[in-house]
Amino acid sequence: MTQSESRLSRRSMLKLTAAASAVAASAASQAHAADLAQSGTPPTNGAGFYRFKIGEFTGIVFSDGQAVSNNSPFPNWGANPGRQAEFEQTLKDNFIPVTPFVNNFNPMLIDTGKNRVLIDTGFGLAGAQNNTGKLLAHLKSAGYKPTDIDTVFITHGHGDHIQGLTDAKGKMTFSRAQHLMGEAEFNQWVNGANPNAAVKKNLVDVKGNFTLVQPNQEIVPGVRTLPSPGHTRNHLAILAASGSEQLIHLGDAGGHYVLSFKFPDHYLGFDADPAVASQSRKAIFERATTERMMVVGYHFAWPGVGYIKRDGNAYAFQPAFWRFA
Ligand SMILES: [Zn+2]
């Protein structure tokens, strides 16, 4: 064996050892999960929902699941040209793994006592492909049936927000609810040429079920739409107010929970109009900061509930501390 052969074989040995220990670690964690399941202990943390108060209202954020990707999050999660290395370093500085990259999906219920408003619906049955689609299971854990929901509001027409709208037969999942979506947003998706499969099944084929609303319109007492264009051209967030408390469900108007706050001009690969998206973001962040509102971000780290504070010329997301009740 030459010296270089010996180096080579040492390197492959190291590689093999690393692969073997990864396999062993994954087998061990699977065995541990099986043990927990047998003893009746859920193998995952938490129950998939987080309940809190907004004045007299109850807010519940549901996890539709977490998608884990081994691909780089860039440019999707930071599309500004030439700044990927800076963004990647910022994630590392904030102890957020770059790969695997974890994406959260946080639909939310606002129970006003009179109305039950569900904001966005996750992946539905399509979630079988990426470990999401858990909204209905977590709704049940929180004590609600689909028929308890009287209002479903859709912030925008992307697949991770609309695919829970219909079941396997194409019927409305929340069969007793009124379905609301911004008129301009709805029309863009429903009247567009060649709608994708998610749009066809969940918007086009069931369009008769929708009532179209406007920016700044009250949809039930205490809950109104909030214009926040840019991520999609007519994206609407939700503003809920009860007593002295207010909460904005940002939908996707919040962007990334570190990058979009630290870099006010940051935008996503998914943003239809980057300049408008970052303008909307700054305006909402400024308002939420000034008025000390709670915010929820659809893709923020679970449960995505918190506040926005100023940080120099930028902002920072301050997660709300965990309450058990
Ligand atoms: Zn989204």
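The values are calculated or read from the model by the stated rules, or taken from the named source; none is laboratory data. Nothing here was measured: the structure is a model prediction, and the numbers come from that model. Every residue, glycine as well, gets a Cβ built from its backbone with ideal geometry; the counts of neighbours run over all protein chains shown. In case anyone asks, the SASA skips ligands and DNA or RNA and just uses the protein heavy atoms, side chains included. Shrake-Rupley method; radii C 1.70, N 1.55, O 1.52, S 1.80 Å.
Before moving on, here are some points about what is shown:
A quick yes/no check of all residues on (1) under 22 Å from the mean Cα position of the chain (by Cα); (2) within 18 Å of ASN106 (Cβ to Cβ):
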{"residue": "ALA142", "(1), (2)": "yes, yes"}
{"residue": "PRO146", "(1), (2)": "yes, no"}
{"residue": "HIS179", "(1), (2)": "yes, no"}
{"residue": "GLU183", "(1), (2)": "no, no"}
{"residue": "PRO195", "(1), (2)": "no, no"}
{"residue": "VAL199", "(1), (2)": "yes, no"}
{"residue": "THR211", "(1), (2)": "no, no"}
{"residue": "PRO221", "(1), (2)": "no, no"}
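- Selection from the stretch 235-258 of residues that are under 27 Å from PHE74 (Cβ atoms) and surrounded by fewer than 23 Cβ atoms within 10 Å (Cβ to Cβ): TYR257, VAL258
- Residue match in the stretch 220-231 (condition: closer than 13 Å to PHE153 by Cβ, open to solvent by 20 Å² or more (accessible area, probe 1.4 Å) and either in a strand (DSSP E or B) or out of contact with any Ser or Thr (no Cβ under 6 Å at 6 or more places or on another chain) (or both)): yes
- Matching residues in the stretch 194-218 - criterion: being buried (at least 16 other Cβ atoms within 10 Å of the Cβ), part of a strand (DSSP E or B) and among the β-branched types (Val, Ile, Thr): VAL213
- LEU268 vs. criteria buried (at least 16 other Cβ atoms within 10 Å of the Cβ) and either within 16 Å of the ligand (Cβ to nearest atom) or under 18 Å from PRO75 (Cβ atoms) (or both): yes
- So GLY82, is it on the phi > 0 side of the Ramachandran plot, buried (at least 16 other Cβ atoms within 10 Å of the Cβ) and either aliphatic (A, V, I, L, M) or part of a loop (DSSP other than H, G, I, E, B) (or both): no
- Matching entry among GLY133, GLY157 (being on the phi > 0 side of the Ramachandran plot and within 14 Å of the chain's Cα centre (by Cα)): GLY133
- The set of residues in the stretch 161-174 that are away from the ligand (no atom under 16 Å from the Cβ) and open to solvent by 20 Å² or more (accessible area, probe 1.4 Å) comprises ASP167, ALA168, LYS169, GLY170, LYS171, MET172, THR173.
- Whenever a residue of the stretch 87-106 is closer than 26 Å to GLY122 by Cα, its partners that are more than 16 Å from the ligand (Cβ to nearest atom) and not hydrophobic (A, V, I, L, M, F, W, C), lying with C-beta atoms within less than 6 angstrom and at least six residues away or across chains, give the pairs VAL98/GLU88; THR99/ASN70; PRO100/ASN70.
Conditions tested, residue by residue: (1) more than 18 Å from ASN216 (Cα to Cα); (2) away from the ligand (no atom under 16 Å from the Cβ); (3) aliphatic (A, V, I, L, M); (4) part of a helix (DSSP H, G or I).
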residue: TYR257; (1), (2), (3), (4): yes, no, no, no
residue: SER260; (1), (2), (3), (4): yes, no, no, yes
residue: SER278; (1), (2), (3), (4): yes, yes, no, yes
residue: ALA283; (1), (2), (3), (4): no, yes, yes, yes
residue: GLU286; (1), (2), (3), (4): no, yes, no, yes
residue: ARG292; (1), (2), (3), (4): yes, yes, no, no
residue: TYR298; (1), (2), (3), (4): yes, no, no, no
residue: ALA301; (1), (2), (3), (4): yes, no, yes, no
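- When the residues of the stretch 113-160 are filtered to those that are open to solvent by less than 30 Å² (accessible area, probe 1.4 Å) and charged (D, E, K, R), the one that is nearest to the ligand (Cβ to nearest atom) is ASP160.
- Residue count for the stretch 248-302 under the criterion of being free of Cβ contacts under 8 Å to residues at least 24 places away in the same chain and under 16 Å from the mean Cα position of the chain (by Cα): the result is 1.
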